[in-house]
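The structure appears right after this line, and notes come after that.
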Amino acid sequence: MIIHVVKPGETIQSIAKFYGVSENDLIQNNGLDFPENLVVGQCIVITYPEIIYTVKEGDSLYGIANSFNVSVMQLLQNNPYLADRKYLYPGDKLVISFKKKGSLTTHGIVIPFVTDATLKRTLPYLTYISVINYTVTDQGDLISYYDDTEFIKTAKNYNVIPLMFITTLTLQGKDNIETVYKLLLNEESQDRLIENILTTLKNKGYYGINFSFELVNPENLPYIENACKKIVNALKNEGYLAFATINAHIIQTGKDIDFLKIDYSHMGEVPDSLIFTSYEWAINPNPPSPISSVYGMETFLNYIKGSIPSTKISIGLATIGYNWELPYRAGISRVYSLTYDSAVALARNENIAIQFDEISQTPFFLYTSKDGQLQTEHIVWFIDARSISALLNLVFDYSLYGISVWNITVFNAQLWLIINSQYDIIKFNNIL
């Protein structure tokens, strides 16, 4: 796999010719909406499949899979465009295999607004999926926002393990610290929560939970550990999985990395897996800073190394970027969330080259918006193929369990191309 950074004057035609690949492959594999108008600093991912097959008259997906002794799931992973197709056509080029360098688990967090098309395109690449649909009250009740029955069924059809994502936040990310502490300090509320969780797991068909802890600090950690141990033991006794997602609040300012120094060793003993990430539910309230800093995550991994088995740790990858108004003033300046495609489109529309921060391994750019006589400076931070590749290298170098994507509501073609072309995605084929 090669990550090419677009230079001034380059076109999709010149890049394809230089690497000896087809223009169509570059456009399709990278999900390029405007291939004739590339942005300087934009990334193009080039892959070289191990085996490619040309579809013939009468071929079927199952027949081709059997011929090459591979699974249909592997064909769906290698050829994501098949998710939008009902039929194969003679002349179609199917990637049969890539030469992989390892394996890992992938975990996706999804909110209710994902489209069916995006979901079915993404599921082949996932080991686990956490469905955001349940808020815990201080009495131990669960508030559900939508019917997730078909969602769970679809995930299982793709051999993806569905997990209940449980949080004290609302779907909009509204927090209530009082609720958290009441729940942590009340044994009866915890018992009620356990009962409600087990009932929902059985009725809906989930295979476990993913408990989100957004506000972990040294003061509340003992209470979180006790509550977590109690809940997890109750679930394990019934044969369910238990994951915990912890917001590590890793902030990079220049070369300085900041996060709370917490002993997670006891937390690491309880759940099946710990996911460390930094995520925002809607609008980012923090000052302008890199998204998913690789340097920050590596610093954090070095801090927790040895206290938790590496094979239980997954690290988060935030796919959402942010656009800050400058100068930044907390609580006053507007901050907008945007996807990777939106960030590149904005740079294109503003005719601005994308820059790259080598420390965090994340792209950014600055531009000026105009509203009549009013001019406003902006800075945009997001992630691209280089960021994704660097985070995956951490998974490989530190022998971690895998990677967790926040969130999968929008399909990121380059993300899954980079993962799938280098790693075998672990699937548990006996979950149905």
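The values are calculated or read from the model by the stated rules, or taken from the named source; none is laboratory data. Keep in mind that what you see is a predicted model, and the values were worked out from it rather than measured. Virtual Cβ from ideal backbone geometry, glycine too; neighbours counted across all protein chains shown. Ligands, DNA and RNA are excluded from the accessible area calculation, which covers all protein heavy atoms including side chains. Shrake-Rupley method; radii C 1.70, N 1.55, O 1.52, S 1.80 Å.
Worth a mention:
- Only aspartates and glutamates eight or more places from K255 in sequence, or on another chain, were considered; those with a Cα closer than 19 Å are E298, D357, E358.
- Helix-only mean residue ellipticity at 222 nm for the chain, each DSSP H run of n ≥ 4 adding -39500 (n - 2.57), per residue, nearest 500: -9500 deg cm²/dmol
- Estimated dipole of region 133-254 in Debye, rounded to 20 [Cβ of Lys and Arg +1, of Asp and Glu -1, Cα centre]: 440
- Between region 97-144 and region 9-36, the C-alpha centres lie 31 angstrom from each other.
- Convex hull of Cα atoms in region 42-183, direction-averaged projection (nm²): 12.0
- Taking every alpha-carbon pair under 8 Å whose residues sit at least 6 apart, the chain reaches a relative contact order of 19 percent.
- Stretching L374 away from F34 to a fully extended chain increases their span by 119.4 nm, per 0.36 nm per residue minus the current alpha-carbon distance.
- Taking a sphere under 15 Å around the Cβ of D424 and counting the other residues whose Cβ falls inside, with K and R at +1 and D and E at -1, yields a net charge of +3.
- Multiplying the residue separation of H266 and T299 by 0.36 nm and removing their Cα-Cα distance gives an extension gain of 9.8 nm.
- Relative contact order of region 5-94, defined on C-alpha pairs under 8 angstrom at six or more residues apart (%): 29
- Computed from the C-beta positions of A117 and T311, the FRET efficiency with R₀ = 35 Å rounds to 0.55.
- Environment charge of Y89, counting only residues whose C-beta is closer than 15 Å and scoring Lys/Arg +1, Asp/Glu -1: 0
- Phi-derived couplings, Karplus 6.51 cos²θ - 1.76 cosθ + 1.60 at θ = phi - 60°, listed residue by residue for region 252-264: 10, 10, x, 9, 8, 10, 10, 7, 5, 7, 10, 7, 8 Hz, with x used for Gly and Pro.
- Other residues lying with their Cβ under 15 Å from the Cβ of L104 contribute a combined charge of +2, Lys and Arg counting +1, Asp and Glu -1.
- FRET E, pair F396, Y87, Förster distance 35 Å, beta-carbon r, rounded to 0.05: 0.40
- Entry comment: accessible area of the chain is 45 Å² per residue, from protein heavy atoms only and a probe of 1.4 Å.
- Under-5 Å amide H pairs with T319, H placed in peptide plane, nonlocal only: W406, N407
- Over region 265-408, relative contact order from alpha-carbon pairs under 8 Å, at least 6 apart, %: 32
- Cα convex hull volume per residue for the chain (Å³): 154
- Gained length - I251 relative to E50, 0.36 nm times residue gap less alpha-carbon distance: 68.4 nm
- With all protein chains in place and a 1.4 Å probe, the accessible surface of region 309-432 carries 50 percent carbon and sulfur.
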